[in-house]
Amino acid sequence: MSWLAREHTIAPPGFNRWLIPPAALAVHLCIGQAYATSVYKTALVEHFDASLTQIGVIFSIAIVMLGLSAAVMGTWVDKNGPRMAMFTSALFWTSGFLIGSLGIFTNQLWLVYVGYGFIGGIGLGIGYISPVSTLIKWFPDRPGLATGMAIMGFGGGALIASPLSTQLLRMYDPNSDAEGWVASGEAVGFLFLTLAAVYLVYMMFGAFTIKVPAADWKPEGFDPSTLKSKPLVTTDNVSAKNAIKTKQFWLVWIVLFCNVTAGIGILEQASPMIQDFFRQPDGTTAITVAVAGGFVGLLSIANMGGRFVWSSTSDIVGRKRIYMVYLGAGAVLYAVLSLFGSSTTLLFVVLAFVILSFYGGGFATVPAYLRDLFGTYQVGAIHGRLLTAWSAAGIAGPLIINGFLDAQGTPGELTAAAYQPALLTMVGLLIIGFIANLMIKPVDSKFHEPKAAPETGTGAKEPAMEV
């Protein structure tokens with residue numbers, strides 16, 4: 001397996017760095033399928049005769065494992081290089097689909113938990129972080145643009161997977177023309193097998209086309225010394241082991257947790273929420289199911305576009321300032337949505353669109369923020385540890401929203417006023433994140449690596465590293 005090793009992925013002189021983003025996108029567009037699980041959620045409920053909560057656990061396990069595997073395997077990813085990591089991610093992610101399909105065909109829900117949730121979730125975590133640190137090294141002059149290009153793919157994966165999955169389910173289910181059709185379990189099983197094959201091909205393309213820059217490489221016309229003139233941007237390096245000892249790491253952890261939790265506040269309830277906000281006195285709603293579905297699709301575009309647009313903007317205005325926008329402006333927009341969102345459909349949609357763009361932007365900007373604070377040495381491993389904030393938010397966000405809404409009634413039968421306590425709680429969370437972001441200052445020099453320490457990804461021999 002030596003052909004997967006880092007030393008076999010060092011780019012030759014004159015290599016075009018713009019060939020790297022497609023390799024990163026190949027992986028992120030595939031694992032972004034995780035956002036499209038709602039396509040077959042109802043089908044699995046009927047197939048297993050289970051509750052929505054029991055089926056929802058599949059996605060929750062996958063997201064928790066994403067954060068945990070990224071944290072545990074982050075240093076391994078940095079040490080062994082992106083090709084080994086992306087290859088491993090592809091095996092775990094597609095194996096998850098294969099085992100999940102076995103669980104569907106044999107009517108064993110626990111196998112779907114183990115397959116798509118646990119094993120697939122490990123592939124999610126490794127695949128999510130594997131291209132990021134490589135892109136940062138290829139684009140030291142524009143790290144926000146670099147991470148935005150990769151992580152945009154994760155947000156946009158559902159835009160491809162949702163219609164593709166729907167068409168495949170119709171093809172595999174002979175009863176797809178029936179009124180009120182819900183896909184059969186067998187059709188979902190065949191869907192999983194198809195996705196496993198398709199994703200394996202595309203992820204392997206990414207793995208075998210990814211390369212790392214040589215030790216002495218830098219973009220033409222780029223002067224690393226100019227980074228010293230930018231606030232919070234260091235030219236030193238901090239190891240992953242030392243990074244978690246700094247208050248800066250935990251402040252960024254809080255920032256990401258608050259931003260993600262608030263975003264999930266809309267994502268998790270998007271379809272019933274827009275219908276409830278415009279419910280008539282007689283109990284009917286002005287928003288049809290089809291329109292609500294279109295709204296969900298629009299939020300996916302906001303999520304994906306925000307990852308690229310806002311992250312790229314951070315290269316100009318700075319990471320700390322862009323998070324002031326995500327969190328400060330986000331809090332204001334959430335408050336307006338809570339108090340006045342039911343006045344017009346246009347206002348509601350515009351507010352939700354911008355809020356979800358901030359949600360996506362927060363994900364895409366945070367690796368560049370970490371690079372600014374801790375350098376490039378083990379930024380992938382540090383990013384992996386930070387993604388535990390995502391795991392925590394993936395649990396906290398739905399619990400907060402569902403807890404408030406359960407106390408008010410049943411989503412799909414509520415009114416705009418019923419959402420106010422939950423939305424105003426999100427305002428409070430964003431304010432906490434805003435304060436944490438204001439407190440971030442440069443890392444103390446006592447945490448810096450000795451100047452002789454080589455950077456991961458250069459092809460040079462590295463000191464031993466701990467996971």
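Values for this structure:
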| quantity | calculated |
| --- | --- |
| Of residues in the stretch 229-252 being open to solvent by 50 Å² or more (accessible area, probe 1.4 Å) and not aliphatic (A, V, I, L, M), the one nearest to residue 376 (Cα to Cα) | 235 |
| Among residues of the stretch 298-313, those that are within 18 Å of the chain's Cα centre (by Cα) and either more than 25 Å from residue 36 (Cβ to Cβ) or small (Gly, Ala, Ser) (or both), counted | 6 |
| Tabulated pairs, the stretch 174-195, first in contact (Cβ under 8 Å) with a residue 12 or more places away in the chain, second open to solvent by less than 60 Å² (accessible area, probe 1.4 Å) and among the charged types (D, E, K, R), C-beta under 7 angstrom, 6+ apart or interchain | 183/173; 184/173; 187/173 |
| Some residue of the stretch 387-410 being under 23 Å from residue 317 (Cα atoms), open to solvent by 10 Å² or more (accessible area, probe 1.4 Å) and touching a residue at least 60 places away in the same chain (Cβ under 8 Å) | no |
| Per-region count, the stretch 10-60, residues modelled with pLDDT of 90 or more, surrounded by fewer than 19 Cβ atoms within 10 Å (Cβ to Cβ) and hydrophobic (A, V, I, L, M, F, W, C) | 6 |
| Residue within the stretch 218-225 that is in contact with a Cys (Cβ under 6 Å, 6 or more places away or on another chain) and either more than 22 Å from residue 308 (Cα to Cα) or not in a loop (DSSP other than H, G, I, E, B) (or both) present | no |
| Every residue from the stretch 159-187 that is in a loop (DSSP other than H, G, I, E, B) and β-branched (Val, Ile, Thr) | 182 |
| Exclusive hit being part of a helix (DSSP H, G or I), of a type in the set (Phe, Trp, Tyr) and either farther than 14 Å from residue 130 by Cβ or without any contact (Cβ under 8 Å) to a residue 24 or more places away in the chain (or both), set 87, 97 | 97 |
| Residue 134 being part of a helix (DSSP H, G or I) and either modelled with pLDDT of 95 or more or surrounded by fewer than 24 Cβ atoms within 10 Å (Cβ to Cβ) (or both) | no |
| Criterion violated by residue 444 - all others in (1) open to solvent by less than 30 Å² (accessible area, probe 1.4 Å); (2) modelled with pLDDT of 90 or more satisfied | (1) |
| Number of the condition not met by residue 154 [criteria: (1) of a type in the set (Phe, Trp, Tyr); (2) surrounded by 24 or more Cβ atoms within 10 Å (Cβ to Cβ); (3) at pLDDT 95 or above; (4) touching a Gly at 6+ places or on another chain (Cβ under 6 Å)] | (3) |
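The values are calculated or read from the model by the stated rules, or taken from the named source; none is laboratory data. Everything quoted here is computed from the prediction, not taken from an experiment. Heads up, the Cβs are rebuilt from the backbone with ideal geometry, glycines too, and the neighbour counts pull from every protein chain shown. Each accessible area value is taken on the protein alone, full model and side chains, heavy atoms only, with ligands, DNA and RNA left out. Shrake-Rupley method; radii C 1.70, N 1.55, O 1.52, S 1.80 Å.
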